[in-house]
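**Student:** One structure, pasted below without further comment.
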Amino acid sequence: MEGSWLLTAGRGPGGEVAIVEGYRITLHIAEGRIDGTAACNGYDGSVQIDGDSLKLDEMFITQMGCAPDVMESESAYTEALTTATTIERAGDELVLSGPDSELRFELLAPVPTADLVDTEWHLESMISGSGPEGTASSAAPATLLLKGDGSFSGTTGCRDIEGEWVERGDEILFTAMSADGHCPNDLQAQDGHVLQVLGDGFTAEIEGRSLTVLSAGDVGLVYRAD
């Protein structure tokens, strides 16, 4: 059952678990623990699995606020998750169910760590939204370097950043991050955008020498390796 999973459909005691575009619901199971993103907030807890029997204990969730529809999705998911009592896997599909709930997940690909780390990435553009309403804007020079020892460094365009990172499911999570320096008025928006994307946890997709990182709400950054 261990692995990283993306919710594709679900219902709980209160009804359907709506999936809001740009706000994924994920589940990572490993070594008696679960964690993931519940649309808006991150969550974690302990889990006991015995055959197809499932029992969750001591689940914790962060307390960020998002738009009402995202919070409704989160509430419906967490209610369904905490009432699930069985777990079944069939290939790349995982199903958690209870008396009044069913959550269906698909297996996620792992982080492309080998191609991501120990390469200095140079920021090319900033992404806001997806589809026809999405935009990409140019960016002042900035860098990102994830090291194989679990540390990272870089810049936002006006401030130096550094800290530590881990893999969480198919995402990169910065467990510690500091930003040092001063931003002039014309770079404050870019500074905030970069910190939002990197600070909230992000997926990473590499195509050739291009790296696209995306966070909740379809905000992202596009980097290129020299």
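Values quoted throughout were computed directly from the atomic coordinates according to the rules given, and no laboratory measurement underlies them. Just so you know, these numbers come straight off a predicted model, no measurement behind them. Positions of Cβ are backbone-derived with ideal geometry, glycine not excepted, and every protein chain shown enters the neighbour counts.
**Student:** How far apart, in nm, are the 7 Å Cα→Cβ label points at ASP186 and SER53?
**Tutor:** 6.7
**Student:** Kindly provide the helix-only [θ] at 222 nm of the chain, computed as the sum of -39,500 (n - 2.57) over DSSP H runs of four or more divided by all residues, to the nearest 500 deg cm²/dmol?
**Tutor:** Computed ellipticity for the chain at 222 nm equals -4000 deg cm²/dmol.
**Student:** Select from GLY169, GLY134, GLY36 the residue whose mean-square fluctuation is largest in a Gaussian network model of the chain (Cα-Cα springs shorter than 10 Å).
**Tutor:** For the chain, modelled as a Gaussian network with Cα springs under 10 Å, the answer is GLY134.
**Student:** Charges at C-beta only: +1 for Lys and Arg, -1 for Asp and Glu. How large is the resulting dipole of the chain about its Cα centre, in Debye rounded to 20?
**Tutor:** Dipole magnitude for the chain comes out near 200 debye.
**Student:** Now a separate question. With a point put 7 Å past each Cα toward its Cβ, work out how far PHE60 is from SER130 in nm, to one decimal.
**Tutor:** 3.0
**Student:** Of the residues SER215, SER130, SER73, which exhibits the maximal mean-square fluctuation in a Gaussian network model of the chain defined by a 10 Å Cα contact cut-off?
**Tutor:** SER130
**Student:** Between ASP69 and ASP100, how high is the FRET efficiency from 1/(1 + (r/R0)^6) when r is the Cβ-Cβ distance and R₀ = 25 Å? Nearest 0.05.
**Tutor:** Here the calculated transfer efficiency is 0.70.
**Student:** Here is a further query. Taking 8 Å as the Cα distance limit and 6 or more residues as the minimum spacing, I'd like the relative contact order of the stretch 128-223 as a percentage.
**Tutor:** Computed value for the stretch 128-223: 21 percent relative contact order.
**Student:** Report the extension gain between THR113 and GLU164 in nm, rounded to one decimal, defined as 0.36 nm multiplied by the number of residues separating them, less their alpha carbon distance.
**Tutor:** Computed gain between THR113 and GLU164 is 16.9 nm.
**Student:** May I ask you to evaluate 6.51 cos²θ - 1.76 cosθ + 1.60, the Karplus curve with θ = phi - 60°, for each residue of the stretch 140-145 and list the ³J(HN,Hα) values in order in whole Hz, giving x for glycine and proline?
**Tutor:** So the J values, rounded to whole Hz, are 5, x, 7, 9, 8, 9.
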